[in-house]
Structure formats: structure tokens, C-alpha cells
Amino acid sequence: YLTGEVAFGGVVEVTGEAFEDHSDIGLESEGKPDEDFPYRIKTKPVVIAKQGKAIDVREITDLLDKTRKFGPKKLGMCFRGNLHKISDADLEVIEGLLAERK
């Protein structure tokens, strides 16, 4: 989930345990300029949309169990924070739509 874009840009598979690392990974937070994103987890890409082809979540709220009850105006609450568990059905929808945009 791409917070600033309210979009899904890809699906990754977790391949390792969570760990803490304060080395620079090249990300910047607008709200916290000194944030170093120390809590990390190893992943591998499953499907990644091409640049500019991310799925606007507001356009598919009615297709996902996770977003259906919130509607397009309250999506920020749906994905607030970091990692979120979604249903297998939602994963299939997101993966399918992303695969069409590869």
C-alpha cells in the first residue's frame, strides 16, 4: 500500500523474521525527517506494477472485504499504520489486478 498515493503498487512475500537495522535505506518521511525506518522484514516480490500503474484503492473499494465497509471516503482508517492482514480473497483480487498492469 502506497500511503501518499492511496494505491497498491505490488505484492511481496515475507521471507524472513523481523529485525532492527538503523542503516540508511534511502526513504524519507515528510512528517519525521530523521526517521530511519529501523523495523524491517525481508521480502521478495510476487507481482509489482509498472511505474505509474499502481491500483488506486478508491476505485476498487467495493471489490475488497477489507475496504467495502469503509467506503472510499474513509480509506485512511483502513490502512493506517504499517502491516495489515488481508483475506486470501482480497489478496487474489489485488494480485490479479496488479498482474494485468505488469
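Readers should treat all values here as calculations from the given coordinates under stated rules, not as data from a laboratory. Just so you know, these numbers come straight off a predicted model, no measurement behind them. Here the Cβ is made from the backbone with ideal geometry for all residues, glycine too, and neighbour counts use every protein chain on show.
Each residue of the stretch 13-26 in order: what ³J(HN,Hα) in whole Hz does its phi give by Karplus 6.51 cos²θ - 1.76 cosθ + 1.60, θ = phi - 60°, with x for Gly and Pro?
10, 6, 10, x, 7, 5, 8, 10, 8, 9, 6, 5, 10, x
When only C-alpha pairs under 8 Å and at least 6 residues apart count, what is the relative contact order of the chain, in percent? Could the numbers behind the result be given before it?
Numbers: 133 pairs, mean separation 32.2, N = 102.
Once divided by the residue count of the chain, the mean separation gives 32 percent.
Test of understanding: express the Cα radius of gyration of the stretch 1-93 as a ratio to 2.2 N^0.38 Å, with N the residue count.
Values: Rg = 14.5 Å, N = 93, 2.2 N^0.38 = 12.3 Å.
The reported ratio for this selection is 1.18.
Amide H to amide H, which residues 5 or more places from VAL47 or on other chains are under 5 Å from it, using H placed in the peptide plane?
The answer is VAL11.
Would you mind checking the stretch 33-73 for residues with the amide N under 11 Å from a putative spin-label position 7 Å along Cα→C-beta of ALA18?
It comes to 39-41, nothing else.
Any idea what the dipole of the stretch 1-81 comes to, in debye rounded to 20, about its Cα centre with Lys/Arg Cβ at +1 and Asp/Glu Cβ at -1? Intermediate values should be presented prior to the final figure.
Numbers: 13 positive and 15 negative charges, 128 e Å.
Charge dipole of the stretch 1-81: 620 debye, to the nearest 20.
Taking the stretch 1-95, which GluC sites (Glu not before Pro) meet the DSSP loop condition and have no more than 11 other C-beta atoms within 10 Å? If you can, show how the numbers build up before the last one.
Numbers: sites: GLU5, GLU13, GLU17, GLU20, GLU28, GLU30, GLU35, GLU59, GLU92, GLU95; in loops: GLU28, GLU30, GLU35.
Sites meeting the loop and neighbour criteria: GLU28, GLU30, GLU35.
Between GLU35 and ARG58, what is the label-to-label distance in nm when each label sits 7 Å out along the Cα-to-Cβ direction?
Here the answer is 2.2 nm between the modelled labels.
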